[in-house]
Amino acid sequence: MHKHILIPTEGSQLSTDALEKALAFAKEIGAKATVLTVVEPFHIFSTNIDQLESTREEYGRHSQQAADRILADAGARASTHGVDCHTTQVTSHEPAKAIIDTAAQRGCDLIAMASHGREGFTAFMVGSVTMKVLAHSKTPVLVYR
């Protein structure tokens, strides 16, 4: 059975719900967990509202605070579940690749993550980190909708 689960989260309610389910699953099977948040680097040209309204320094400070909050919350949730958990943050333009790479580097044998369940044109235009992880990961992926 699985011994080490990577749980990516960006702090949304959907992602937090998946985190809770993944931690409960980890507890049930006796696995440890690594919780990952991926921070997108600052872009000079961006459609991200946080980047449009910020300087590089403000964005960096805000991103770090958000990542720290997300990971502290995840660590507290893991502790409540009684799951051995480590947290980590990476900065990447490609969140799906960062998730896959982190799973490999940390020796995770399962990735458990949320999916927004977008379909059709919306999924094509917005893109899906989950779909990219599913398509490219050699590590099994458990998707919570």
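What follows draws every value from the coordinates through simple rules; no lab data is involved. Every value quoted in this text rests on a predicted model; they were computed, and no experiment measured them. Glycine also receives a Cβ, built like all others from the backbone with ideal geometry; neighbour counts cover every protein chain displayed.
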Q. Using modelled amide H (1.01 Å from N, peptide plane; none on Pro or chain starts), what sits under 5 Å from the amide H of Cys85, excluding residues fewer than 5 places away?
A. Ala33
Q) With labels modelled as points extended 7 Å from the Cα through the Cβ direction, what inter-label distance (nm, one decimal) is found for Ala72 paired with Val143? A) 3.4
Q) Across segment 12-19, in residue order, what do the Karplus-derived ³J(HN,Hα) couplings come to in whole Hz, using 6.51 cos²θ - 1.76 cosθ + 1.60 with θ = phi - 60° and x for Gly and Pro? A) 5, 4, 4, 5, 5, 4, 5, 4
